[in-house]
Amino acid sequence: MKRGKYKSSILALSIVSGLLLAGCNGDDEAPSASNDSNNNSDEPVTITFWDENASPERTPLWEEIIKQFEDANPNIDVEYVGIPNKSAKSKYDAAIAANDTPDVGSVQTTWLPEFSIREALLPLDEYFEGSELKDKINASAIEFNKKITQDGKLYGIPYAQNLDTIWIRTDWFEEAGVKEPETFDEFFTAIEKMTDKENGRYGYTIRGGAGGSFQLQRLMFAYSGLDYFDEDGKVNINDPKHVEFVEKYLSYYEKFTPKSDITNGYKEMIAGFDTGVVAMVHHNVGSYGEHKKSLEEGTFKTIPLPKTEEGKYVAEGGNAVNIAVFNSTKHPDAAWKFAEFVNSPEAQSLWNESTGQIPTNTDVLDDEWVQNAQHIKVAFEVYENPETKLYEPPFYLPDYRSILDNLVDPGIQQVMSGQKSAKDFLDEWAKAIEESKEKYDQTFNK
């Protein structure tokens, strides 16, 4: 099978993402791994791996990858620890505070700046430069991970990329004669038309529980087409376009969405779609694995987030999940071997085909499943489009993620319940980001 246009899609993503990466001066020097107590030794070692998104669907994938790794490396045992997504960040935070971190872990891109500032992660520049992965892993994703850290070093190797999309029940749309939405006007119209409360069907589901902040933010910027900060460095979170969008979007709660949305997280939201309660759900291509187990082929598919008024796709840069090695490991070479294996073509193909995410190892683009997967084609359609805009959130702020988790998520619920206006909510969010950026600039950009 020829790589064809889908290999060029990854290259196109690198070009588009490259616009975000100008001026990145990463320091590729990393400390030596000579502190490995079993360096250059065949003595058995045991390393611990933490999975930050454990589930009945994904845990077996990690177990199979670990089995393959241990078969190829009989002197290294890997202990798997699965952590539910809701509690993963707090689990890592506690482990870092207690200096009781795993050897290696799956880490979200938004955590890399904070974890590196807390000196919890081992720089991987030297390992990566000496690895066969150097010319295989998507260059833009590697450079993005360097750019968002204060010291410009590489602390995570992305083994899967993602793209937020809208999953739709195509059979329902065909029955109702409703057009698949391409614009935000069509999106809101489809939500209304696909709602049939008498038959227990809703047009859409809003993620009001944990993680709702990420989806709301991505929809806001897809709607406005704005950068995260304006030319003067002012955050655009509370721009009038975003106020307009959030007012309308969250007003659909209960009218056209389930009442349970106000507390629903990822699992509940996806279950609503997979059990025939809602016609559309905003998530990402990575939920394909769940949908295919519950729904018949041909009854569902994914479509891009709606275009801006100017007809452009907008996506968030840095939407990936990474393997990181923790600084406290006594076996950095063994931990790196596992990180390297996770990013091998075989492991990446297994993981990404099963979950529906986008492989970062270009050798996987030869695989037939990549050529034929509808959701992967949609991802490339967006990333390959020369007019697609990638905006860059301030992942580098140490408390960026805590602002989303502790201020924005509850704020969404307050707007949904009528306790707070959309404008007041967005003003508070913008203020928190600006205050965090000011502290960061005072500390690191004197």
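Structure notes:
- Of the residues making up region 147-182, those that are over 23 Å from the mean Cα position of the chain (by Cα) and surrounded by fewer than 18 Cβ atoms within 10 Å (Cβ to Cβ) are Thr170, Asp171, Glu174, Glu175, Ala176, Gly177, Lys179, Glu180.
- Segments classed as strands (runs of 3 or more DSSP E), wholly inside region 36-115, with at least 2 members that are open to solvent by 10 Å² or more (accessible area, probe 1.4 Å) and closer than 21 Å to Thr355 by Cα: 76-82
- Test result for Gln371, more than 30 Å from Gly289 (Cα to Cα), part of a helix (DSSP H, G or I) and either touching a helix residue (DSSP H, G or I) at 6+ places or on another chain (Cβ under 7 Å) or assigned by the TED database to the domain that holds Pro240 (or both): no
- Members of region 239-265 that are hydroxyl-bearing (Ser, Thr, Tyr) and open to solvent by 40 Å² or more (accessible area, probe 1.4 Å): Ser251, Ser260, Thr263
- Set side by side, the residues Ser354, Ser349 differ, and just one is surrounded by fewer than 24 Cβ atoms within 10 Å (Cβ to Cβ), free of Cβ contacts under 8 Å to residues at least 60 places away in the same chain and assigned by the TED database to the domain that holds Ile142, which is Ser349.
- Test: residue in region 214-224 that is of a type in the set (S, T, N, Q) and either without any contact (Cβ under 8 Å) to a residue 12 or more places away in the chain or open to solvent by 20 Å² or more (accessible area, probe 1.4 Å) (or both): no
- Residue count for region 310-339 under the criterion of being in contact with a strand residue (DSSP E or B) (Cβ under 8 Å, 6 or more places away or on another chain) and open to solvent by 40 Å² or more (accessible area, probe 1.4 Å): the result is 3.
- Selection of region 389-432 for residues being within 30 Å of Thr360 (Cβ to Cβ) and open to solvent by 10 Å² or more (accessible area, probe 1.4 Å) yields Lys389, Leu390, Glu392, Tyr396, Pro398, Asp399, Arg401, Ser402, Ile403, Asp405, Asp409.
The values are calculated or read from the model by the stated rules, or taken from the named source; none is laboratory data. Computed from a predicted model, the values in this text were never measured in an experiment. When we count neighbours, we look across all protein chains shown, and the Cβ atoms used for this are built from the backbone with ideal geometry, even at glycine. These accessible areas exclude ligands, DNA and RNA; they are computed on the full protein's heavy atoms, side chains included. Shrake-Rupley method; radii C 1.70, N 1.55, O 1.52, S 1.80 Å.
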